[in-house]
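A.B. asks: Quick one: the structure is below, and I'll ask about it shortly.
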Amino acid sequence: MTLKVNLITGRTINQGANLENKTSPDYLEATAYCELNSNDIEKLDKSGNNVKVRTNYGEVTVKLKENNGNPDGIAFIPMGPWANAVVDHDTKGCGMPGFKGIQAELEGTSDKILLMKELIARYK
């Protein structure tokens, strides 16, 4: 079963602290995840600890994390290459892509999370 959510992205302390180490395991851990609350996690068919995020702009597999501070129907991915794979790249003249309010479908998966170099190569 897929779960329809409103995806938002944003900066986090861990994401910012690892900006200088973008090819490190710490950066992967700090940015390649999607947070949902426990109610939404229960609605997913989980075949692993990861989640596939699909939008009209792309898809990406990231780690699934629980955050009960998220309202129902809201998914959060920290800014970084994994979020960039699924955000609206049209800047509409302002120079910034659309990082908030993106309609997405999520499904549990055991698919591998791509390393940053693999992810970037996929979207070239």
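A.B. asks: Would you be able to tell me the number of residues in region 26-54 that are at pLDDT 85 or above and out of contact with any Asp or Glu (no Cβ under 8 Å at 6 or more places or on another chain)?
C.D. replies: 11
A.B. asks: Separate question: Just the residues that are in contact with a Ser or Thr (Cβ under 7 Å, 6 or more places away or on another chain) and in contact (Cβ under 8 Å) with a residue 60 or more places away in the chain, please, taken from region 1-46.
C.D. replies: Scanning region 1-46 gives Leu7, Gln15.
A.B. asks: If you go through region 19-37 one residue at a time, how many are assigned to a helix (DSSP H, G or I) and surrounded by 12 or more Cβ atoms within 10 Å (Cβ to Cβ)?
C.D. replies: So the count comes out to 8.
The values are calculated or read from the model by the stated rules, or taken from the named source; none is laboratory data. As the structure is a computational prediction, the values presented were derived from the model and not from experiment. Backbone-built Cβ (ideal geometry, glycine too); neighbour counts: all protein chains shown.
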